[in-house]
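Please read the structure below before turning to the comments.
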Amino acid sequence: MNLFLKNISQLVTVAARGKTAKTGPEMRDLGIIADAGVLCREGRIAWVGPMREWRETLGPDDGELDAAGMVVIPGFVDSHTHMMFAGSREKEFALRAEGATYQQIAEQGGGILNTIGHVRAAHKKALKRQTVAYMNEMLRAGTTTVEIKSGYGLDMDTEVRMLEAINELRVEELMGVVPTFLGAHAVPPEFAGRTGDYVAMLLETVLPYVGRKKLARFCDVFCEKGYFEIADSERILSAARSLGMDLKVHADELTSLGGAELAARLGAVSADHLEHVSPRGISAMRDAGVVAGLLPGVSFFLNHGYAPARALIDAGVTVAIASDFNPGSCMSYSMPLMMTIACTQMHMTPEEALAAATLNGAAALGLASEIGSVEVGKRADLLVAEIPDYRFLAYHFGTNHIRTTVKNGTILEF
Ligand SMILES: [Zn+2]
């Protein structure tokens with residue numbers, strides 16, 4: 001069973017050409033083919049090229065999609081989300097709009113503790129139901145692979161329940177799902193003032209179980225002053241690595257603590273946030289090949305300053321952008337919106353933003369040989385957008401231009 005996308009006005013392949021990501025000036029080279037075709041066979045891309053070179057004939061069971069007047073791009077890879085949660089935080093949003101500080105909101109029981117309370121009280125079914133609803137909206141908006149973190153349980157039962165739910169979605173749902181263990185997201189209230197005891201509990205109880213049951217592809221840590229500082233982060237990440245997990249770090253978001261340098265030293269796949277990354281952190285990441293996972297929506301939503309995307313790209317660090325979709329600091333999963341913010345606030349070009357949201361997002365998940373570009377052999381995850389040029393994705397913002405999402409070579413019906 002084949003699917004042939006024909007007469008594509010503008011095919012943006014984001015071709016990696018044998019590399020695992022795009023860095024520096026390569027990010028502006030999107031491998032565009034005018035009047036193109038793409039053949040999907042058994043979930044993978046079997047042929048890509050200009051229509052004038054198309055020679056095959058389709059069988060009676062094969063599907064065809066005429067994409068005349070359309071732009072086709074790879075499916076978005078959202079490499080950093082906290083999209084499994086319960087409850088919502090619109091009241092805090094309103095309070096912030098009226099000038100309340102994070103501290104004041106926390107004193108009223110708000111912030112992450114609010115979400116933790118809801119998630120601890122939620123059954124696995126309820127967690128899955130809400131997450132699937134968001135996943136369907138994300139597929140419609142063009143995201144075909146998503147990373148989902150635990151970290152709203154912060155106790156053995158709830159962290160494991162979250163990871164089991166995420167793994168079940170990975171099997172049951174059409175979207176590509178990558179599970180990440182983030183037990184070190186915050187110190188839960190019952191361990192207030194006893195970070196060391198909480199870290200010990202993670203190391204002795206939760207991490208070994210997560211590792212033994214293979215519940216997570218990655219382990220992540222919120223490495224920040226007053227949360228999990230460098231020594232604690234290193235202990236958790238090193239233990240996770242010895243249990244077979246790859247590493248990610250929430251690094252240098254609020255202060256220049258050295259999370260980027262830690263990620264480089266431990267050979268993490270990505271260091272994310274980086275609003276306050278130091279020049280030393282930037283060179284360490286480049287030398288160690290750590291992907292920078294930038295989260296433009298968080299800086300926009302919290303109004304707390306942006307990561308130095310230009311400095312990172314110009315230094316030769318692989319830059320990805322992701323939504324960080326979560327109820328507190330970025331209540332959006334729109335990858336095109338993240339691209340718009342990256343262009344207007346972080347001085348990335350539309351080409352860089354698109355490469356960062358596709359191929360480099362795949363690199364941030366260690367999946368760049370499998371997804372993130374339109375190349376023969378990769379998974380057939382494709383978006384058909386009703387726009388005259390790919391730059392409209394970031395330029396004409398606040399609207400969904402995606403008309404058809406193709407996942408594993410199948411047209412999704414909504
Ligand atoms: Zn995050």
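Figures for the structure shown
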| quantity | calculated |
| --- | --- |
| Label-to-label distance, nm, for residues given as Glu168 and His304 (7 Å Cα→Cβ offset) | 3.3 nm |
| Helix 279-288 axis, angle to the chain major axis (alpha carbon atoms, nearest 10°) | 60 degrees |
| Calculated FRET value between Thr205 and Arg280, using beta carbons and R₀ = 41 Å, to 0.05 | 0.70 |
| Accessible carbon and sulfur surface of segment 228-311 relative to its total accessible area, %, 1.4 Å | 54 percent |
| Positive-pole candidate from Ala184, Ala380, Ser329, dipole of the chain, charges at beta carbon | Ala380 |
| Pairwise centroid distance, computed over Cα atoms, of segment 106-178 with segment 278-347, Å | 22 Å |
| Rel. contact order, % - alpha carbon contacts under 8 angstrom, at least six apart, segment 1-90 | 41 percent |
| Largest-first ordering by accessible area, 1.4 Å probe, given options Arg55, Arg217 | Arg55, Arg217 |
| Cα gyration tensor, segment 345-391 - rounded (a/c under 1.5), prolate or oblate | oblate |
| Highest-MSF residue in the chain out of Gln104, Gln345, Gln130 [GNM, Cα springs under 10 Å] | Gln104 |
| Length added when fully stretched, Ala311-Met1, from 0.36 nm per residue minus Cα-Cα | 107.0 nm |
| Highest-fluctuation residue, Arg170, Arg161, Arg212 considered, GNM on the chain with Cα pairs under 10 Å | Arg212 |
| Nearest-ten-degree value, helix 124-140 long axis tilted from longest Cα axis of the chain | 40 degrees |
| Hz values of 3J(HN,Hα) by residue in segment 168-183 - Karplus curve (6.51, -1.76, 1.60), Gly and Pro given as x | 5, 5, 4, 8, 7, 9, 6, 5, x, 10, 10, x, 10, 8, 10, x |
| Listed residue pairs exceeding 27 Å between alpha carbons, taken from Lys19/Lys128; Lys6/Lys149; Lys22/Lys407; Lys214/Lys248 | Lys19/Lys128; Lys6/Lys149 |
| Of all accessible heavy-atom area on segment 136-209, the percent that carbon and sulfur account for (1.4 Å) | 50 percent |
| Candidates Met285, Met331, Met135, ranked by Gaussian network fluctuation over the chain, Cα under 10 Å, top entry | Met331 |
| Potential extension, Trp47-Arg28 segment - 0.36 nm per residue separation minus Cα distance | 4.5 nm |
| Ellipticity estimate at 222 nm from DSSP helix runs (n ≥ 4, -39,500 (n - 2.57)) divided over the chain, nearest 500 | -10000 deg cm²/dmol |
| Accessible area per residue, Å², the chain with all protein chains present, probe 1.4 Å | 39 Å² |
| Value of Rg to Rh for the chain (Rh from inverse mean 1/r over Cα pairs, i.e. Kirkwood) | 0.97 |
| Label point distance in nm, Thr349-Glu413, each placed 7 Å from Cα along Cα→Cβ | 4.2 nm |
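The values are calculated or read from the model by the stated rules, or taken from the named source; none is laboratory data. Please read all numbers here as calculations on a predicted model, not as lab measurements. Quick reminder, even Gly has a Cβ in these numbers, built from the backbone with ideal geometry, and neighbours come from all protein chains shown. Only protein heavy atoms, including side chains, enter the accessible area calculation; ligands, DNA and RNA are left aside. Shrake-Rupley method; radii C 1.70, N 1.55, O 1.52, S 1.80 Å.
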